[in-house]
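Colleague: Take a look at this one; I'll ask things after.
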Amino acid sequence: MKKNALEYLEESAMRFGDKVAFADAEESCTFGELQDRAERIGTALAAWFPVRKPVPVFMEKSVETIGVFMGALYAGAFYVLVDTKHPAARIRQILDVLQSDVIVTSEKYLKDLQKLDFTGKILMAEELARSEKDEALLARIREQALDVDPLYGNFTSGSTGVPKCVVVGHRSLLDFIDCFTEIFGITDQDVLGNQAPWDFDVSVKDIYSGLKTGATVQIIPKQYFSFPMKLLDFLEERQVTTLIWAVSALCIVSTLNGFDYRVPGKIRRVLFSGEMMPVKHLNIWRSYLPDAMFVNLYGPTEITCNCTWYLVDREYEPGDVLPMGKAFPNEKVFLLDEEDHLIDASQPDVRGELCVSGSALALDYYRNPEQTRKAFVQNPLNDCYLEKIYRTGDLAYYNKEGNLCFSSRKDFQIKHMGHRIELGEIDTAMEKIPEVRRSCTIFDAEAQKIVCFYEGEIERRPLAKALGGLLPSFMVPNAFRQMEAMPLNKNGKIDRKALMDYYIS
């Protein structure tokens, strides 16, 4: 049984040594080259980073960056990507959490790093890759390894204003990726088109599905998502078979009518997550790729990528709820009501908080015991032995087929005019209006107003009238704002904070 994610790389290097493992717009590397580069980098990093400590990597996703990631693992440490485009204040917060006085970067990002007034040691990726390999040292480090050791850290926003670093262990990743690649039939014959940033957990499925199976990972330049023709040319030229993308990335292609220009001929799988997939956009994709597998994935960063999946095997109409489906193997996904009583599939349409247990749970929030205690708690249904669960803060319910369905965030559930309202229900109704391409509803608590932002060719008055035919009057938004395009955060999700700032201004 595997206990270290590096075993994926090593087995693929043995089987497919001369095959391209990762490629970006500028360079590529084979599995054999990646292992050699990672061992050299790991040897050098071991002198600077204690075992099981974080390695901050101030770089963008690239072939060079994956070498640093794997090198951190060979050093017995874990990697944390620090996005070079983040505001300086946030980067300083991240480095304060990690408490590292050493950081890794490369020549192209050195000037950006120097602007941060970082006073610690800066290690250059180019120099690390030229280090001599010390196989005896690497062997000693591996002998100490445990499957519960940390593998990577991803920062999410924190309710206290301080970003939280979710630390995921090797065992969690190994259990998930073994199931993930088997269920969806990913093999060495596949080419994965990586869309997600590498500090966003959607990308973990690209990186490690490729390393496990011997599939090639093609790293799509971020700017291509502003130019659908370049994006679709890239997918066709690189012979991409599998897309594991955030919902908003798919919506960009369908909104801008990208398929009128070109339909990539090799795509066999489209797996999406991050937000609720608008059925209108899903139907556009399915109409152009009728033979492809489409899968709705759900799961927060704290449970190693995903905990549920649903194979889209029938037609859905705009306004229908696309199920989250059922749990992945070796993960327990269940609903608790406000009194912590279990809601099961025999109680369809009853909302509860979605909770998860199993080996997929993250280790904790790095150096943040208070937030860890709030989110990772003892299962209230079990008073017999320790069983850690993660409370997602998401509300869900079972449909009549026994599939889980997302309802909304607990913090998107509001009290308005004496009624409890879930903002997601308004967005679902908006999707039924033909002229609306996409929508997002927020609540101005101070003014007690529901505000709906939308993309589409319809004026506010007829929109309010159409929505009034679908929702009770107390749920019809008090204000509508027409947008050319929704603002997106760096992970490709609709940026609700930006919408609120825009509304207030």
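Colleague: For segment 411-465, name all the residues that are over 13 Å from Pro318 (Cα atoms), charged (D, E, K, R) and either in contact with a Lys or Arg (Cβ under 7 Å, 6 or more places away or on another chain) or open to solvent by less than 80 Å² (accessible area, probe 1.4 Å) (or both).
Modeller: Selection gives Glu422, Asp444, Glu455.
Colleague: Among (1) closer than 23 Å to Pro290 by Cβ; (2) crowded, with 23+ Cβ neighbours inside 10 Å, which single condition is Lys205 missing?
Modeller: Going through (1) closer than 23 Å to Pro290 by Cβ; (2) crowded, with 23+ Cβ neighbours inside 10 Å one by one, Lys205 breaks only (1).
Colleague: Report every pair of residues separated by at least 6 positions or lying on different chains whose Cβ atoms are under 6 Å apart, first residue within segment 62-90 and touching a residue at least 60 places away in the same chain (Cβ under 8 Å), second open to solvent by 10 Å² or more (accessible area, probe 1.4 Å) and among the β-branched types (Val, Ile, Thr).
Modeller: Correct list of pairs: Gly76/Val51; Gly76/Ile141.
Colleague: Among the residues of segment 159-182, is any at pLDDT below 95, of a type in the set (Gly, Ala, Ser) and under 27 Å from Ile389 (Cα atoms)?
Modeller: Checked segment 159-182: at least one residue is at pLDDT below 95, of a type in the set (Gly, Ala, Ser) and under 27 Å from Ile389 (Cα atoms).
Colleague: Here's another thing I want to ask about it. Taking the condition of being aromatic (Phe, Trp, Tyr) and open to solvent by 20 Å² or more (accessible area, probe 1.4 Å), how many residues in segment 385-396 meet it?
Modeller: Of the residues in segment 385-396, 1 are aromatic (Phe, Trp, Tyr) and open to solvent by 20 Å² or more (accessible area, probe 1.4 Å).
Colleague: May I ask you to list pairs of residues, at least six apart or on different chains, whose Cβ atoms are under 7 Å apart, with the first in segment 174-188 being more than 14 Å from Ile303 (Cβ to Cβ) and the second being open to solvent by less than 40 Å² (accessible area, probe 1.4 Å) and assigned to a helix (DSSP H, G or I)?
Modeller: Thr181/Ser209; Thr181/Thr213; Ile186/Ser209; Ile186/Thr213; Thr187/Thr213; Asp188/Thr213
Colleague: In segment 164-185, how many residues are closer than 26 Å to Arg373 by Cα and more than 16 Å from the chain's Cα centre (by Cα)?
Modeller: 5
Colleague: Could you tell me whether any residue of segment 251-267 is within 18 Å of Pro197 (Cβ to Cβ), in contact (Cβ under 8 Å) with a residue 24 or more places away in the chain and either touching a strand residue (DSSP E or B) at 6+ places or on another chain (Cβ under 8 Å) or open to solvent by 10 Å² or more (accessible area, probe 1.4 Å) (or both)?
Modeller: Looking through segment 251-267, at least one residue is within 18 Å of Pro197 (Cβ to Cβ), in contact (Cβ under 8 Å) with a residue 24 or more places away in the chain and either touching a strand residue (DSSP E or B) at 6+ places or on another chain (Cβ under 8 Å) or open to solvent by 10 Å² or more (accessible area, probe 1.4 Å) (or both).
Colleague: A further question follows. Can you find a residue that is open to solvent by 20 Å² or more (accessible area, probe 1.4 Å) and without any contact (Cβ under 8 Å) to a residue 40 or more places away in the chain anywhere in segment 361-370?
Modeller: Yes.
Colleague: Separate question: Residues Val68, Val63: which one is β-branched (Val, Ile, Thr), within 30 Å of Asp117 (Cβ to Cβ), open to solvent by less than 10 Å² (accessible area, probe 1.4 Å) and in contact with a Cys (Cβ under 8 Å, 6 or more places away or on another chain)?
Modeller: Val63 is the lone residue from the list that is β-branched (Val, Ile, Thr), within 30 Å of Asp117 (Cβ to Cβ), open to solvent by less than 10 Å² (accessible area, probe 1.4 Å) and in contact with a Cys (Cβ under 8 Å, 6 or more places away or on another chain).
The values are calculated or read from the model by the stated rules, or taken from the named source; none is laboratory data. Just so you know, these numbers come straight off a predicted model, no measurement behind them. No Cβ is skipped: glycine too gets one built from the backbone with ideal geometry, and neighbour counts run over all protein chains shown. Please note that ligands, DNA and RNA were not included when accessible areas were found on the heavy atoms of the full protein model with its side chains. Shrake-Rupley method; radii C 1.70, N 1.55, O 1.52, S 1.80 Å.
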